[in-house]
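Take a look at the structure set out below.
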């Protein structure tokens, strides 16, 4: 069965309104992330993955910094547990492979460690706090 959504890679300029709507809903309103932490000024230089329902509604997103760091993976509540996050990470990894990135990293919240392990990531070091949230650095070697 095919997915009831699509994932496309977009630049910030083209996807900004839809990317912002998802991140505002998930990070700022749902999780209480301060807006000044969410809008860190790095989006312009990132490659973004945007998930859309077959009806064209924005349902999830993620980004990869130029150094290969993946972050800001967000999926609207009604679309969780439907492989949207997996598809977003896979799209960003495909981009990284096609552009010959040697390694990809992510700062995972502890409850997402199994998700990233399933995608080949390995923990590196001890847990740390970032923006009031515990995280663990994980990496995936591509070369």
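The values are calculated or read from the model by the stated rules, or taken from the named source; none is laboratory data. Values in this document were obtained by computation on a predicted structure and should not be read as measured data. Here the Cβ positions follow ideal geometry from the backbone for every residue, glycine too, while neighbour counts run over all protein chains shown.
Observations, loosely collected:
- Criterion (more than 27 Å from residue 57 (Cβ to Cβ), assigned to a loop (DSSP other than H, G, I, E, B) and modelled with pLDDT under 95) met by exactly one of 81, 143: 143
- Among residues that are on the phi < 0 side of the Ramachandran plot and surrounded by fewer than 14 Cβ atoms within 10 Å (Cβ to Cβ), residue 75 is not included.
- You will find that of 33, 6, the residue that is touching a strand residue (DSSP E or B) at 6+ places or on another chain (Cβ under 9 Å), in contact (Cβ under 8 Å) with a residue 24 or more places away in the chain and not in a loop (DSSP other than H, G, I, E, B) is 6 and no other.
- Screening residue 138 against (1) in a loop (DSSP other than H, G, I, E, B); (2) touching a residue at least 24 places away in the same chain (Cβ under 8 Å); (3) at negative phi leaves a single unmet condition, (1).
- Checked against (1) over 17 Å from residue 109 (Cβ atoms); (2) surrounded by fewer than 14 Cβ atoms within 10 Å (Cβ to Cβ); (3) at pLDDT 95 or above, residue 12 passes all but a single condition, namely (2).
- Qualifying positions in segment 36-78 - assigned to a loop (DSSP other than H, G, I, E, B) and in contact with a strand residue (DSSP E or B) (Cβ under 6 Å, 6 or more places away or on another chain): 46, 68, 76
- Residue match in segment 80-87 (condition: under 21 Å from residue 136 (Cα atoms) and within 13 Å of the chain's Cα centre (by Cα)): yes
- Residue in segment 90-99 that is surrounded by 14 or more Cβ atoms within 10 Å (Cβ to Cβ), on the phi < 0 side of the Ramachandran plot, touching a helix residue (DSSP H, G or I) at 6+ places or on another chain (Cβ under 9 Å) and without any contact (Cβ under 8 Å) to a residue 60 or more places away in the chain present: no
- A count restricted to segment 100-121 and to residues that are assigned to a strand (DSSP E or B), in contact with a helix residue (DSSP H, G or I) (Cβ under 9 Å, 6 or more places away or on another chain) and free of Cβ contacts under 8 Å to residues at least 40 places away in the same chain stands at 2.
- Of all residues in segment 35-54 being touching a helix residue (DSSP H, G or I) at 6+ places or on another chain (Cβ under 8 Å) and loosely packed, with under 12 Cβ neighbours inside 10 Å, the one that is modelled with the lowest pLDDT: 35
- Flag if residue 22 is farther than 23 Å from residue 142 by Cα and assigned to a helix (DSSP H, G or I): yes
- Within segment 16-30, the residues that satisfy the criterion of being without any contact (Cβ under 8 Å) to a residue 40 or more places away in the chain and surrounded by 13 or more Cβ atoms within 10 Å (Cβ to Cβ) are 16, 20, 21, 24, 28.
- Among the criteria (1) exposed (fewer than 12 other Cβ atoms within 10 Å of the Cβ); (2) modelled with pLDDT of 95 or more; (3) not in a loop (DSSP other than H, G, I, E, B), the one residue 87 does not fulfil is (1).
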